[in-house]
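What follows is a set of notes on a single structure, which appears directly below.
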Amino acid sequence: MNISLRQLRVFEAVARHLSHTRAAEELHLTQPAVSMQVRQLEDEVGLPLFERLGKRILLTEAGQEILHYSLTVNRSLREMEEVLESLKGVNRGRLQIAVASTVNYFAPRLLAVFQRRYPGIGLRLDVTNRENLVQLLDSNAVDLVLMGLPPTDIDVESEAFMDNPLVVIAPPDHPLAGARQIPLARLAGEIFVMRETGSGTRQAMERFFSERALTIRQGMQMTRNEAVKQAVRSGLGLSVVSLHTIELELETRRLVTLDVEGFPDRRHWYLVYRRGKRLSPAAGAFRDFVLAEAASIAAPTLPAGQPEPD
Ligand code: PGA
């Protein structure tokens, strides 16, 4: 059989996502390029690897076997790359970082400082939601991840590096804007604009309310922080977001935070990588940099007149 490593890499991504589109996004390829690699692998193997069930695709038995072996092959390859990177020294090589979509509000500022310090390191940044980050960690596809809720079902190292206050946002003309010490129960009647199911912000928000036995009314669901903010501005409901996402809107008073009992919900941002992973010198330098300096570069500030996160 003449199977290529590239075919295995593409197949593995499709098999993990059970979606050609999402695999294409992860690999920065077009969808036809992904489909072609899978077809070539199927031709080589002589068996179909996926079957179609309506709009969904599933792995066939042969597909499951190949996934098992390709995970091992791809993991070994990445380990080999990591060892080779470490032989090159700190200001060389590539660094693949993946961040939660919410982290992307400050990640570029961190990368800019880091890149000036280590101009020889080639940086790649993937921005996605929490669910996809967990998959990237699980398949060892990135060096380091910055996220809000480290996974508990895979073996990872996670180190907190900065506060991540979650706040309730409202349009400035909302009846509760400016009110002090709003009882939590007062939110029961309010509609909340929600992030998508795979979002860490959404999980944190749901956990916050369910731990306090408060049932909120769920309104529209949106896959981007930007869309959530627009929806709240347009009066479609309140929402809970990371303070990092709304610095500009608070400054220009397009949105306000509400002083609700229990908020800000004080969470943290974490730097996460697989336990036992051998960090390249470049990845190690980024880890040290984030832990030591991220908070001074990127901590959000509230404009005067907004309830403080403490
Ligand atoms: P997300 O990120 O809501 O964009 O998934 C936040 C987090 O990881 O907690």
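The values are calculated or read from the model by the stated rules, or taken from the named source; none is laboratory data. This is a predicted model, so every value here is computed, not measured. Here Cβ is always computed from backbone atoms with ideal geometry, including for glycine, and neighbour counts include all displayed protein chains. Quick note on the areas: whole protein, heavy atoms, side chains included, nothing else; ligands and nucleic acids left out. Shrake-Rupley method; radii C 1.70, N 1.55, O 1.52, S 1.80 Å.
Probing with 1.4 Å while keeping every protein chain in the model, the per residue accessible area of the stretch 1-125 equals 56 Å². When Lys229, Lys88, Lys55, Lys277 are compared by accessible surface with a 1.4 Å probe, the order from highest to lowest is Lys55, Lys88, Lys277, Lys229. Relative to its Kirkwood radius, the Cα radius of gyration of the stretch 30-71 gives an Rg/Rh of 0.97. The heavy atoms of Arg278 present about 140 square angstrom of accessible area, all protein chains included, probe 1.4 Å. Highest GNM mean-square fluctuation among Pro150, Pro183, Pro264, for the chain modelled with Cα contacts below 10 Å: Pro183.
Taking amide H as placed 1.01 Å from N in the peptide plane, Val241 has its amide H under 5 Å from the amide H of Val167, Ile169, each at least 5 places away in sequence or on another chain. If you run the Gaussian network model on the chain, springs between alpha carbon atoms under 10 Å, then out of Gly93, Gly189, Gly200 the most flexible one is Gly189.
Take the Cα of Glu65, go 7 Å toward its beta carbon, and the backbone nitrogen atoms of the stretch 21-47 under 20 Å from that spot belong to 38-47. Need one number: % antiparallel among DSSP beta bridges in the chain, to the nearest 5. Antiparallel bridges: around 60 percent, rounded to the nearest 5.
Out of every Cα-Cα pair that the stretch 1-127 contains, those further apart than 20 angstrom amount to 55 percent. Please check: in the Gaussian network model of the chain (C-alpha springs, under 10 Å), which one of Thr257, Thr102, Thr60 has the largest mean-square fluctuation. Highest fluctuation of the listed residues: Thr60.
Amide H contacts of Gly219 (H built 1.01 Å from N, in plane; Pro and chain starts excluded): Phe192, Val193, Met194 sit under 5 Å, all sequence-distant by 5 or more or on other chains. Among Asp163, Asp155, the sequence by solvent-accessible area, most first, with a 1.4 Å probe is Asp155, Asp163. Here the stretch 227-279 is treated as a sphere whose radius is the Kirkwood value from Cα pairs; by Stokes-Einstein at 25 °C and 0.890 mPa s it diffuses with a coefficient of 180 µm²/s. Within the straight-line cut-off of under 20 Å between alpha carbons, the lysines reachable from Lys88 are Lys277, sequence neighbours fewer than 8 places apart in one chain being disregarded.
Across the stretch 164-267 the C-alpha pair distances fall into 10 Å bins from zero in the proportions 16, 56, 28, 1 percent.
From helices alone, the chain scores -13000 deg cm²/dmol at 222 nm; the rule is -39500 (n - 2.57) for each run of n ≥ 4 DSSP H residues, then divide by the residue total. When the solvent-accessible area of the chain is split by element, carbon and sulfur atoms take up 50 percent of it, the probe being 1.4 Å.
Full extension of the segment from Leu77 to Leu5, taken as 0.36 nm per residue of separation minus the current Cα-Cα distance, would add 25.0 nm. Rg/Rh for the chain (Cα atoms only, Rh after Kirkwood) is 1.02.
On a per residue basis, the stretch 127-197 carries 39 Å² of accessible surface, using protein heavy atoms and a 1.4 Å probe. A crude spin-label estimate for the pair Glu157 and Arg224, with each label 7 Å from Cα along the Cβ direction, gives 3.5 nm.
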